[in-house]
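Asks: Here it is: the structure, laid out below.
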């Protein structure tokens, strides 16, 4: 065991400048939740297998449990808390509600962040492309049907 | 502004205003914006972080525990072991979906003299930071004396097997105990008719053996538990639980507190499926808080969840079934041996009652054994016990149909249990939708379609689950603007705020959006049983209905005050119009709900409607599933090509969430069928304790799951609700097994039917 160092990190989170003091052992997920107070990203596995902690970092979706907080100097980070503008939900958030695409809701923040990145990159994905993209996010409640349909709805596709 | 899905109501629910529609769930916005507060999201001033030290061994005696180095670490405020808890008696307490001896509840929370599975908690620390807590548990020295682990249910039952508990004797249904201690905690038996005579009558008999692996509920949110013990002796607990009152009534005796000293606030819960009924972290957090005088939060990581919580039983099962040539089932003999894990209490009883439940078979014997092994104590998992037992029986029935050349749905219809049929455990069915599900499956586009191509096959299976009722509490006030806050005791694990609010709204004649449901702590609502057993929309909905009826009655009284008439002359209509006698001029007097709501303050104050129900009835649920698979003969991998799930919901209150329960149940059932297993080595080390290696279905592993909701209203509920959550996990495994057999001619005898298992079976057949 070594003495713990603390590191000052400057970054942008959901459009706001943030400065925080990270424990050198903190992951980005721990920093978001414990240092900054943004608890929307969830810990499901802490080793990159469930996607509940997905955030957008410099345009890429990352499992924030696998990113060290100290790596975030200068980064632009977007979390589920940054998807809505004021009281206006994003089309994807609306679609999740209208399609009943969540049950317990613990995986929802990760799915929303991941699906938003998909639609930015591929605005008209096929069902297979949606399933492939979201295969890194586990949901144990829905069987995925309604999540896929919500993404299709947000992409402007007709949903049966 | 989001709007509800505008799909038409079903034929059964057209008569309702709210029931059968698809409003946006009331907690939805919080759950898509990250605002919803789950247990791990809680952060209180001065809160400490806890961590648990767990056993690296499956079976060992604890010789000594030295916590001194951990205690000396800067930032560590407390270290506890079992010895720090008050001595627990062997009194039996209600643990939600079952009962357990208090001392075994404590020993499972934190080991006393022995560790009984890898991951068994041994000590816990509280520190100023979770990194320090992680370091501290590494500094605790535990000396173990290794014992031989017992890992297989059949080995455990053999005389002379190493014993987990010297004080455990086999209990029988007549209350007697075995002469010698045993790993078999209990034996139960249900019989009906004359088994030998039945088999003598049979023209075809098939007997098969099955083994299934332990499987985990797999909720995405790991367990959490926070506590704050104050100097006045009151204890607050915040936790993601399916049953806040179960937590209260478990923690209080473990700390020798009165339940009135303990307040449990249920946080949002990230899945449970039965696995978040028992207490694990809450008693540890409570004692750590008592020791430090500060709030303490404990969370598990995923490895701990897989090692030390849940799972459902692994089993060994044997089924012999006899039929006449025309497909009439005449006899069935079922042997079920279920792993309970380290302490008694597998779901073998429910498994035994469900095993042959869809069928009216005159001669039956069902034996069940509850057996302890050196694996984690099992917890309820969605229709606990039934996915295993019905896998065995449905599989043998499918083979009988194949042998007799009878369509698998036809043979089920021929033997289907209908109103008046009695199970071997004595229960007699009322109105059930068993045959209606089979008919809907036969008529489905899926069953009517042709399946072509090599290595492809189709399978079908039936499922049964009881559903339960019991205690639910609710109350609601009427605001001056006509909105109605509804206070609920049931934690909302998947949309029950909506399904209960809708039943209140229907009864009052207002919209679902005008109801504001809230889930509250144990001091703020009456006793409510767990969110489990598919009981919440049934019993909680009944409480919401009674609450609304109480409001209707009180509003009639208020209208009578305004109209200066007798309350018996006022009628609250289903259209939310309150009508009184004609006035002096002969004009009809009426008030809308909103108009009267605005006058409540001036007619005696706002009103609160309330209800506490305890329903011992239930509405049994049946399901019929159809699946098409393709088997890769080179790798043994099975792909699900198409899936249709038919289910009797009684009445589908919110059809989108009923569909969601069906689709989610299928996904878990498919996981259990194809991939999910607890993989132990000979030392009892779980080798796949991560979500990479404990392989749950991803979005890419499943097709769309087509739900067909059948509605045969339950006559024992004001709105015909049956409960929907559990039955859909049951048919997938036997349906997939039948589809694999149809595809490649191999009848599997184990779960999961993983690529390894399929390749081994294929090679053996060749």
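The values are calculated or read from the model by the stated rules, or taken from the named source; none is laboratory data. From a predicted model like this one, the values you see are computed outputs, not experimental measurements. Cβ coordinates were reconstructed from backbone atoms using ideal geometry, including for glycine residues, and neighbour counts include every protein chain displayed.
Asks: Any idea how many residues of segment A:80-112 are closer than 22 Å to residue A:141 by Cα, within 7 Å of chain B (Cβ to nearest Cβ) and in a loop (DSSP other than H, G, I, E, B)?
Replies: Looking only at that region, the number is 7.
Asks: Here is a further query. Could you go through segment B:531-548 and let me know if any residue there is farther than 23 Å from residue B:594 by Cα, within 14 Å of chain A (Cβ to nearest Cβ) and assigned to a helix (DSSP H, G or I).
Replies: yes
Asks: For the condition at positive phi, over 25 Å from the mean Cα position of the chain (by Cα) and modelled with pLDDT of 95 or more, what is the one hit in B:50, B:34?
Replies: The conditions single out B:34.
Asks: Take segment B:514-535 and flag every residue that is under 24 Å from residue B:579 (Cα atoms) and out of contact with any helix residue (DSSP H, G or I) (no Cβ under 6 Å at 6 or more places or on another chain).
Replies: Correct list: B:514 only.
Asks: Residue B:624 versus (1) touching a helix residue (DSSP H, G or I) at 6+ places or on another chain (Cβ under 8 Å); (2) surrounded by fewer than 20 Cβ atoms within 10 Å (Cβ to Cβ); (3) within 24 Å of residue B:413 (Cα to Cα): which is the lone unmet condition?
Replies: The one condition residue B:624 does not meet is (2).
Asks: For segment B:12-131, please list each of the strands (runs of 3 or more DSSP E) lying entirely inside it that holds at least 3 residues being in contact (Cβ under 8 Å) with a residue 60 or more places away in the chain and closer than 30 Å to residue B:574 by Cα.
Replies: none
Asks: Looking at B:120, B:131, B:165, B:187, can you tell me which residue is under 21 Å from residue B:283 (Cβ atoms), modelled with pLDDT of 95 or more and surrounded by fewer than 22 Cβ atoms within 10 Å (Cβ to Cβ)?
Replies: B:165
Asks: I would also like to ask the following. Condition (residue is touching a residue at least 12 places away in the same chain (Cβ under 8 Å), within 21 Å of residue B:718 (Cα to Cα), surrounded by fewer than 24 Cβ atoms within 10 Å (Cβ to Cβ) and not assigned by TED's automatic domain parsing to the domain that holds residue B:657) applied to segment B:531-541: is it met by at least one residue?
Replies: Checking segment B:531-541: not a single residue is touching a residue at least 12 places away in the same chain (Cβ under 8 Å), within 21 Å of residue B:718 (Cα to Cα), surrounded by fewer than 24 Cβ atoms within 10 Å (Cβ to Cβ) and not assigned by TED's automatic domain parsing to the domain that holds residue B:657.
Asks: Residue A:62 passes all but one of (1) part of a loop (DSSP other than H, G, I, E, B); (2) away from chain B (no Cβ under 14 Å); (3) free of Cβ contacts under 8 Å to residues at least 60 places away in the same chain; which number fails?
Replies: Just one mismatch for residue A:62, condition (1).
Asks: Something else: Based on what the data block shows, is residue B:703 within 14 Å of another protein chain (Cβ to nearest Cβ) and more than 20 Å from the chain's Cα centre (by Cα)?
Replies: Yes; evaluated as a whole, the condition is true for this residue.
Asks: Right, something else. Suppose we keep only residues that are part of a helix (DSSP H, G or I) and closer than 20 Å to residue B:541 by Cβ within segment B:621-663. Which one would you say is nearest to the chain's Cα centre (by Cα)?
Replies: Step by step, filter segment B:621-663, then rank; the result is B:661.
Asks: Name the single residue, out of those in segment A:117-148 being touching a residue at least 40 places away in the same chain (Cβ under 8 Å) and surrounded by fewer than 23 Cβ atoms within 10 Å (Cβ to Cβ), that is nearest to the other protein chains (Cβ to nearest Cβ).
Replies: A:136
Asks: Going by the conditions given, is residue A:159 modelled with pLDDT under 95, more than 9 Å from every other protein chain (Cβ to nearest Cβ) and more than 21 Å from residue B:665 (Cα to Cα)?
Replies: Yes, satisfied.
Asks: So which of B:724, B:710 ends up being more than 21 Å from residue B:312 (Cα to Cα), at pLDDT 95 or above and in contact with a helix residue (DSSP H, G or I) (Cβ under 6 Å, 6 or more places away or on another chain)? Let's see the steps before the verdict.
Replies: Working: B:724 fails: more than 21 Å from residue B:312 (Cα to Cα).
None of the other options fit; the residue is B:710.
Asks: For residue A:27, state whether it is over 18 Å from residue A:105 (Cβ atoms) and either at pLDDT below 95 or in contact with a helix residue (DSSP H, G or I) (Cβ under 8 Å, 6 or more places away or on another chain) (or both).
Replies: yes
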